[in-house]
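As structure tokens, the structure follows; a few thoughts come after it.
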Amino acid sequence: MCSFTFFDGLLCLVAVVVLLAGLVKLYLCHAGTEIIVPQVESRSRLAVDEQTEDSLTISTVIEFVNDGKQCATIMDALVRPQLPYEQYDGLETRGHAELVTAPREDDYFEAYIIQKKGYKGGLDKASIKCQVKLIARKGMSLKEAVSHMPDFNFQLIWLETGRTPCHYRQVRIEVPAAEVAALAGTKLAED
């Protein structure tokens with residue numbers, strides 16, 4: 001005679017749960033995830049968006065593609081210039097990120113869905129415009145301030161999600177001082 005105890009039932013339940021978890025994991029591995037790839041190497045050249053006597057706004061456009069098997073969402077993006085006053089205090093820097101297809105005057109980033117690679121009927125890429133505004137300080141004109149500036153970087157930081165939980169990623173873009181000086185219509189000083 002066979003007897004079925006509480007312990008046997010519990011072992012059976014655990015075995016079923018482990019089997020189901022394994023099957024779900026196998027399905028998710030097969031279904032894939034999103035893979036957002038910034039095309040930094042093919043970004044646009046720096047361009048002037050606006051120039052005044054004491055400020056210069058420059059920008060570049062970076063395209064993002066989704067090489068994954070699932071759609072992805074870029075939920076937020078921001079530009080963080082890295083030119084602290086300890087390095088050079090002649091310019092104040094401000095960053096801004098926006099979708100090329102949805103320009104905004106505020107600092108809100110409109111979330112964007114990038115379809116999976118090869119998706120028919122939807123876009124599988126997004127273009128983000130990264131702007132850095134340089135503002136002359138200490139009573140200098142823009143050209144004077146730019147002529148003494150060093151090379152600097154900015155980070156494009158974005159929040160992405162899809163099948164994976166949301167997480168931040170970033171890329172660093174180098175901004176040569178000589179290129180900024182040429183855009184501002186001046187030359188670098190021999191400091």
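Any read-out appearing in this document is the output of simple, stated calculations on the displayed coordinates, not a laboratory observation. For clarity, every value in this text was computed on a predicted model and none was experimentally measured.
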| remark: Under the Karplus relation with 6.51, -1.76 and 1.60 and θ = phi - 60°, whole-Hz ³J(HN,Hα) for segment 145-157, x at Gly and Pro, equal 5, 5, 5, 10, 6, x, 4, 8, 10, 9, 9, 9, 10
| GNM result for the chain, Cα springs below 10 Å: residue of VAL24, VAL16, VAL40 fluctuating most strongly | VAL16
| Just LEU91, LEU83, LEU26 to compare: in a GNM of the chain, with alpha carbon springs under 10 Å, which one fluctuates most? | LEU26
| request: For segment 61-74, just list the computed ³J(HN,Hα) in residue order, Karplus coefficients 6.51, -1.76 and 1.60, θ = phi - 60°, integers in Hz, with x standing in for Gly and Pro. | output: 10, 10, 8, 10, 10, 10, 8, x, 9, 10, 5, 10, 10, 8
| field | Backbone HN-Hα couplings from phi across segment 181-189 [Karplus 6.51/-1.76/1.60, Hz, Gly and Pro as x] | value | 4, 4, 5, 7, x, 9, 10, 6, 6
| request: Please find, in a Gaussian network model of the chain (springs between Cα atoms separated by less than 10 Å), the residue of MET75, MET140, MET149 whose mean-square fluctuation is greatest. | output: MET140
